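Asker: What follows is a single structure, and I will ask about it in a moment.
The values are calculated or read from the model by the stated rules, or taken from the named source; none is laboratory data. Values in this document were obtained by computation on a predicted structure and should not be read as measured data. Here Cβ is always computed from backbone atoms with ideal geometry, including for glycine, and neighbour counts include all displayed protein chains.
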Amino acid sequence: MLLRETLKVLSAKVARRLFAYPGVRLGCILWLGWLSCAAATAQALEPSPPQQVGMSGERLKRLDEVIRGAIDNEEIPGAVVLVAREGRVVYRKAFGDRALVPAKKPMLINTIFDVASLTKVLVTAPSIMILVEEGRLSLTDRVSKYLPRFSQYGKHRVTVLQLLTHYSGLRPTLKGNSTWSGYDEALRLALREQLVSSPGKKFIYSDINYMVLGELVQKISEKSLDEFAQERIFGPLGMEDTQFSPEPELMEQIAPTEMREGKMLQGIVHDPRAFRMGGCAGHAGVFSTVDDTARFAQMILDGGAYRGKRVLSPLSVMQMTSPQSPPSEESLRGLGFDIGSPFSTPRGDLFPRGSFGHTGFTGTSLWIDPFTKTFVILFTNRVHPRGKGNAVALRKRVAAVAAASIVDKIPSVLRWQ
């Protein structure tokens, strides 16, 4: 209803003129699409036949062939895939094996994965936005306001927003030898980093950005990042199998990654820097399942709440999922979320511009389309057992099949792209 009334205000003639400009076009698409999404009644995820939400079951079945092909080609050992639309789970399957070494173990729906950089959108970015909502932090604040030592080597101009969008000018990862260890040492190295580009001038995907953001959450909230995430995100959403440094009793449920110092990593974070930091960092370290991640994705689609529990305000979610990068730059990033960058492979070829998501180095990905109210979760442990797997092409194929399975009429606003 809200979208319909908004479209009445914009005459077709005026709208087409506005949409002639790429920047205005994308902004309007995002704005109108988000109004439609936020106005919808919050959904609790339940299984549903695809046809009840305008999707083709026959088309979705093609995912079976795509995933099994990737396993046969040794791109991945196994996978769990979940597709949902309009608050209904229409596809949810496990394929292949979660472990090949030292013995084969079948992949299960409830397999827990090291989600790697999905930590950035599941924990760090929403934690920052919670602090913004509470008036304890501003996106335009300089980072050095809270971490004075960060001002070294010209970093005094870097803002919280630039860290979130990867336009800070920091390099991708920490310099220095691999012998350092400990959270405090990692933070010391991060604060001493020198810029490789002027702030706001160039997109450089950087784990350092989120290491620093994780420390900001801890500094301002006076709680550890894992504690804050449990209290403000995981707990309210009922994400019971999601945590940093999983409990020993969950070990059998966790997909292993690869060998380190002669031992197969299982339940121990794969990212080497997060590992040296003790397993909990702003850029990596979270373990989760597709079902838990689906709860988070539905919360985002529903404007910040799930089953009556509010995690974020609708306007915070809109800011997180719309372009916040400099207008002159081609790589579009929200606050945490990827919208259009070299890392946007989970969008595939059919989901519209303005959809958003993120990937994880270990083989995980999440992509959300607010216009069709659809999300796709693909979790693999592609680095198992020898770190040679590859899920990049698979992400695109899975997204294309899922998007092509939507067969009802698409929102008219998308035709103006």
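Asker: Quick one: is GLY360 without any contact (Cβ under 8 Å) to a residue 60 or more places away in the chain and either of a type in the set (A, V, I, L, M) or on the phi < 0 side of the Ramachandran plot (or both)?
Answerer: Numbers: without any contact (Cβ under 8 Å) to a residue 60 or more places away in the chain: no; either of a type in the set (A, V, I, L, M) or on the phi < 0 side of the Ramachandran plot (or both): yes.
Taking the combined requirement at face value, the residue does not satisfy it.
Asker: Continuing with the same structure: Checking the structure you have, find out if any residue of the stretch 76-87 is more than 27 Å from ILE300 (Cβ to Cβ) and at pLDDT 95 or above.
Answerer: Taking the stretch 76-87 first, the residues more than 27 Å from ILE300 (Cβ to Cβ) are 77.
Those still in the list that are at pLDDT 95 or above too: 77.
Among the residues of the stretch 76-87, at least one is more than 27 Å from ILE300 (Cβ to Cβ) and at pLDDT 95 or above, which makes the answer yes.
Asker: In the stretch 71-90, is there at least one residue being in a helix (DSSP H, G or I) and surrounded by fewer than 24 Cβ atoms within 10 Å (Cβ to Cβ)?
Answerer: Taking every residue of the stretch 71-90 in turn, at least one turns out to be in a helix (DSSP H, G or I) and surrounded by fewer than 24 Cβ atoms within 10 Å (Cβ to Cβ).
Asker: Restricting attention to the stretch 137-144, does a residue exist that is under 26 Å from the mean Cα position of the chain (by Cα), under 19 Å from ARG276 (Cβ atoms) and touching a residue at least 12 places away in the same chain (Cβ under 8 Å)? Outline the logic, then answer.
Answerer: The initial filter retains those residues of the stretch 137-144 that are under 26 Å from the mean Cα position of the chain (by Cα), namely 137-143.
Of the ones still in play, those that are also under 19 Å from ARG276 (Cβ atoms) are none.
No, the stretch 137-144 contains no residue that is under 26 Å from the mean Cα position of the chain (by Cα), under 19 Å from ARG276 (Cβ atoms) and touching a residue at least 12 places away in the same chain (Cβ under 8 Å).
Asker: Please determine, by comparing only the residues of the stretch 112-164 that are among the basic types (Lys, Arg) and part of a helix (DSSP H, G or I), which one is surrounded by the most Cβ atoms within 10 Å (Cβ to Cβ).
Answerer: Taking the stretch 112-164 and keeping what is among the basic types (Lys, Arg), we get 120, 136, 142, 145, 149, 155, 157.
Now drop any that are not part of a helix (DSSP H, G or I), which leaves 120, 145, 149, 155, 157.
Values: LYS120: 28, LYS145: 15, ARG149: 12, LYS155: 23, ARG157: 16.
Residue satisfying both the conditions and the ranking: LYS120.
Asker: Follow-up. Any residue that is closer than 21 Å to MET299 by Cβ and either of a type outside the set (D, E, K, R) or in contact with a Gly (Cβ under 6 Å, 6 or more places away or on another chain) (or both) - is there at least one of those in the stretch 193-211? Give the derivation first.
Answerer: Taking the stretch 193-211 and keeping what is closer than 21 Å to MET299 by Cβ, we get 210.
Filter once more, so that each one left must be either of a type outside the set (D, E, K, R) or in contact with a Gly (Cβ under 6 Å, 6 or more places away or on another chain) (or both): 210.
Taking every residue of the stretch 193-211 in turn, at least one turns out to be closer than 21 Å to MET299 by Cβ and either of a type outside the set (D, E, K, R) or in contact with a Gly (Cβ under 6 Å, 6 or more places away or on another chain) (or both).
Asker: Tally the residues that are under 16 Å from VAL269 (Cα atoms), part of a loop (DSSP other than H, G, I, E, B) and under 18 Å from the mean Cα position of the chain (by Cα), restricting the search to the stretch 362-391. Please lay out each step first, then the result.
Answerer: Of all residues in the stretch 362-391, those under 16 Å from VAL269 (Cα atoms) come to 362-364, 379-387.
With the extra rule that they be part of a loop (DSSP other than H, G, I, E, B), the set shrinks to 362-363, 381-387.
Restricting the remaining residues to those that are under 18 Å from the mean Cα position of the chain (by Cα) gives 362-363, 381-382.
Counting residues in the stretch 362-391 that are under 16 Å from VAL269 (Cα atoms), part of a loop (DSSP other than H, G, I, E, B) and under 18 Å from the mean Cα position of the chain (by Cα) gives 4.
Asker: Taking HIS384 as meeting all but one of (1) of a type outside the set (Ser, Thr, Tyr); (2) within 19 Å of MET318 (Cβ to Cβ); (3) out of contact with any helix residue (DSSP H, G or I) (no Cβ under 9 Å at 6 or more places or on another chain), write down the number of the exception.
Answerer: It is condition (2) that HIS384 fails.
Asker: All but one of (1) free of Cβ contacts under 8 Å to residues at least 40 places away in the same chain; (2) under 26 Å from LEU335 (Cβ atoms) hold for GLU249; which doesn't?
Answerer: Only one criterion is unmet by GLU249, namely (2).
Asker: Another question, if that's okay. Taking only the stretch 246-274 into account, find how many residues are out of contact with any strand residue (DSSP E or B) (no Cβ under 8 Å at 6 or more places or on another chain) and within 15 Å of LEU225 (Cα to Cα).
Answerer: Matching residues across the stretch 246-274 total 1.
Asker: Still on this structure, I have one more. Restrict the check to the stretch 256-264 and report whether at least one residue is under 24 Å from ILE368 (Cβ atoms), among the aliphatic types (A, V, I, L, M) and out of contact with any helix residue (DSSP H, G or I) (no Cβ under 9 Å at 6 or more places or on another chain).
Answerer: Of all residues in the stretch 256-264, those under 24 Å from ILE368 (Cβ atoms) come to none.
No; the residues of the stretch 256-264 include none that is under 24 Å from ILE368 (Cβ atoms), among the aliphatic types (A, V, I, L, M) and out of contact with any helix residue (DSSP H, G or I) (no Cβ under 9 Å at 6 or more places or on another chain).
Asker: Of the conditions (1) of a type outside the set (A, V, I, L, M); (2) surrounded by fewer than 20 Cβ atoms within 10 Å (Cβ to Cβ); (3) part of a loop (DSSP other than H, G, I, E, B); (4) touching a strand residue (DSSP E or B) at 6+ places or on another chain (Cβ under 9 Å), LYS93 satisfies every one except a single condition; which number is it?
Answerer: Among (1) of a type outside the set (A, V, I, L, M); (2) surrounded by fewer than 20 Cβ atoms within 10 Å (Cβ to Cβ); (3) part of a loop (DSSP other than H, G, I, E, B); (4) touching a strand residue (DSSP E or B) at 6+ places or on another chain (Cβ under 9 Å), the lone unmet condition for LYS93 is (3).
Asker: Let me ask another. Select, from GLU215, GLU252, GLU258, GLU222, the only residue that is at pLDDT below 95 and either buried (at least 21 other Cβ atoms within 10 Å of the Cβ) or out of contact with any Phe, Trp or Tyr (no Cβ under 9 Å at 6 or more places or on another chain) (or both). Walk me through it before giving the result.
Answerer: Working: GLU215 fails: at pLDDT below 95; GLU258 fails: at pLDDT below 95; GLU222 fails: at pLDDT below 95.
Selected residue: GLU252, the only one of GLU215, GLU252, GLU258, GLU222 that is at pLDDT below 95 and either buried (at least 21 other Cβ atoms within 10 Å of the Cβ) or out of contact with any Phe, Trp or Tyr (no Cβ under 9 Å at 6 or more places or on another chain) (or both).
Asker: Take the stretch 323-359 and flag every residue that is out of contact with any His (no Cβ under 9 Å at 6 or more places or on another chain) and in a strand (DSSP E or B). Before you say what the answer is, go through the steps one by one.
Answerer: If we filter the stretch 323-359 for residues that are out of contact with any His (no Cβ under 9 Å at 6 or more places or on another chain), which is where we start, we get 323-324, 326-330, 332, 334-335, 339-340, 342, 344-345, 347-359.
LEU332, ILE339, GLY340, ARG353, SER355, PHE356, GLY357, HIS358, THR359 - these are the residues of the stretch 323-359 that are out of contact with any His (no Cβ under 9 Å at 6 or more places or on another chain) and in a strand (DSSP E or B).
Asker: Residues being crowded, with 20+ Cβ neighbours inside 10 Å, in a loop (DSSP other than H, G, I, E, B) and among the small types (Gly, Ala, Ser): count how many of those fall in the stretch 264-281.
Answerer: Residues that pass the stated criteria total 3.
Asker: Could you list, in sequence order, the residues of the stretch 282-291 that are surrounded by 24 or more Cβ atoms within 10 Å (Cβ to Cβ) and farther than 17 Å from HIS270 by Cβ?
Answerer: First, pick out the residues of the stretch 282-291 that are surrounded by 24 or more Cβ atoms within 10 Å (Cβ to Cβ): 282-290.
Result: VAL290, single match.
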